[in-house]
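See structure below.
The values are calculated or read from the model by the stated rules, or taken from the named source; none is laboratory data. Nothing here was measured: the structure is a model prediction, and the numbers come from that model. Neighbour counts run over all protein chains shown; Cβ positions are idealised from the backbone, glycine included.
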Amino acid sequence: DVKVTQSSRYLVKRTGEKVFLECVQDMDHENMFWYRQDPGLGLRLIYFSYDVKMKEKGDIPEGYSVSREKKERFSLILESASTNQTSMYLCASSPTGQGMDEQYFGPGTRLTVT
Amino acid sequence: QQQVKQSPQSLIVQKGGIPIINCAYENTAFDYFPWYQQFPGKGPALLIAIRPDVSEKKEGRFTISFNKSAKQFSLHIMDSQPGDSATYFCVPPGKLIFGQGTELSVKP
């Protein structure tokens, strides 16, 4: 069964902290994605990766960075957390292409920055 | 970047009703147009998708139809049930853009 796991379901951090969100997929997918979800705004793409060590900016990359050292793992990094980064963060993976295949999502991490 | 307009933002229907969710986008060429369903506390999951060789696709109670002249896709849910209460997202062809989402509530 297809599975995308995220390291935490809930996370509370203080302003200025460095935050790591981890995502692991067990499907040998090429592509991995990070989105944030906010009420009324849908899902907005932060970063995505088509291959190990490769990354591409999405629509809202400011304040974030990513790391993909292994095919199955894609990390989202908040260099200095701010309150406007309080959100639900969703990781996804897909076999190939740019949204041309089904994306498989993790359960999400609800991050609160105080 | 291609935009997508999803409507309505929220929808309340009675059990057995037929909610309709629309997605309008700019580019008429497409290879694959998926819809995702998200239950509270869960990540989105693929519900149904359509490819250009058909103008309509049905899977169980869920139907996607495509109106080429209006540049619009629609999702219909026949005989809706309270268990269909969820948020629904469309994704325009070949893009990593999700619609704003439609929060559907089906009342018993």
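Remarks
- Only one entry in B:GLN72, B:GLN38, B:GLN81, B:GLN14 is out of contact with any Phe, Trp or Tyr (no Cβ under 6 Å at 6 or more places or on another chain) and within 14 Å of another protein chain (Cβ to nearest Cβ), namely B:GLN38.
- Residues of segment A:89-107 satisfying the condition of being buried (at least 17 other Cβ atoms within 10 Å of the Cβ), at pLDDT 85 or above and more than 7 Å from chain B (Cβ to nearest Cβ): A:TYR89, A:CYS91, A:ALA92, A:SER93, A:SER94, A:GLN103, A:TYR104
- One residue alone among B:TYR32, B:TYR36 is in contact (Cβ under 8 Å) with a residue 24 or more places away in the chain and over 30 Å from A:SER8 (Cβ atoms), and that residue is B:TYR32.
- Count of residues meeting criterion [in contact with a Lys or Arg (Cβ under 7 Å, 6 or more places away or on another chain) and either at the interface with chain B (Cβ under 7 Å from one of its Cβ atoms) or under 20 Å from B:CYS90 (Cβ atoms) (or both)] in segment A:30-45: 3
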